[in-house]
Amino acid sequence: LTFISGGTVAYFNDTKLANNTFTTGLLELGMNKNTVIQVEDIVPGDTMHGNFVLTNDGTVNIKEIILHSSYEVVDKGKSNQDDDLGDHIKVKYLYNVNTRERVIVEKTLSELKDSPQQILKELPVGSKEEKFAVQFQFIDNGEDQNHFQDDELLLNWNFEAVQRDGDPDL
């Protein structure tokens, strides 16, 4: 009995190693140009047109695209005396050519400033490019707008792509 309890224990053993990998996706919104519109020498009543294309250049579906609009007025002429040039330039429409939907209608740049706008509901990986057309108007309010002569408005449109929702069953 002493020999049995004090002896060596022998048993079969086998191991396997499993190497696992987690690779994150790439969320990348593509755009065909850096400038949507650049015009000079506009006067009240002028209408200007621009266009751009958005693409999903990543590996992750885009849930939505949000437009963040901001601008800076460079007052080079007479003092504007708190009259914002952004109140006088309007986006007549921002139009999704593919879906034939006007995603922004009749909003001044000052109304769009700090007011994010959803311009596209989804852009899956491998989908066709989304074409947009935009029309701006320098509003002629019928009043003296001479204080805007020689001024410049620098418009920044930042397009934010938002990833798809997480999949609990991936």
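The values are calculated or read from the model by the stated rules, or taken from the named source; none is laboratory data. Small disclaimer: the values here were computed from a predicted structure and weren't measured. Note that each Cβ is placed from the backbone with ideal geometry, even for glycine, and that neighbours are counted across all protein chains shown. For the accessible areas, the whole protein counts, side chains as well, though only heavy atoms, and no ligand, DNA or RNA atoms are used. Shrake-Rupley method; radii C 1.70, N 1.55, O 1.52, S 1.80 Å.
Residue 60 satisfies every condition listed in (1) open to solvent by 30 Å² or more (accessible area, probe 1.4 Å); (2) farther than 21 Å from residue 137 by Cα; (3) modelled with pLDDT of 95 or more except (1). Of everything in the range 32-46 that is exposed (fewer than 15 other Cβ atoms within 10 Å of the Cβ) and under 24 Å from the mean Cα position of the chain (by Cα), the residue that is farthest from residue 138 (Cα to Cα) is 32.
Open to solvent by 100 Å² or more (accessible area, probe 1.4 Å), of a type in the set (A, V, I, L, M) and either modelled with pLDDT under 95 or part of a strand (DSSP E or B) (or both): does that describe residue 9? Taking the combined requirement at face value, the residue satisfies it. Residue pairs whose Cβ atoms lie under 7 Å apart, sitting 6 or more positions apart in sequence or on different chains, and linking a residue in the range 16-35 that is within 15 Å of residue 162 (Cα to Cα) to a partner that is open to solvent by 100 Å² or more (accessible area, probe 1.4 Å), are 27/163. Cβ-Cβ distances below 7 Å connect the following pairs, each with a first residue in the range 150-170 that is under 19 Å from residue 89 (Cβ atoms) and open to solvent by less than 70 Å² (accessible area, probe 1.4 Å), a second residue that is in a loop (DSSP other than H, G, I, E, B) and of a type in the set (Lys, Arg), and a separation of six or more residues or different chains: 151/76. Exactly one residue out of 115, 69 is of a type in the set (Ser, Thr, Tyr) and touching a helix residue (DSSP H, G or I) at 6+ places or on another chain (Cβ under 8 Å): that is 69. The numbered conditions (1) farther than 26 Å from residue 29 by Cβ; (2) at pLDDT 95 or above; (3) open to solvent by less than 40 Å² (accessible area, probe 1.4 Å) are all true for residue 141 except (3).
Has the range 77-92 got at least one residue that is surrounded by 13 or more Cβ atoms within 10 Å (Cβ to Cβ), among the hydrophobic types (A, V, I, L, M, F, W, C) and not in a strand (DSSP E or B)? Looking through the range 77-92, at least one residue is surrounded by 13 or more Cβ atoms within 10 Å (Cβ to Cβ), among the hydrophobic types (A, V, I, L, M, F, W, C) and not in a strand (DSSP E or B).
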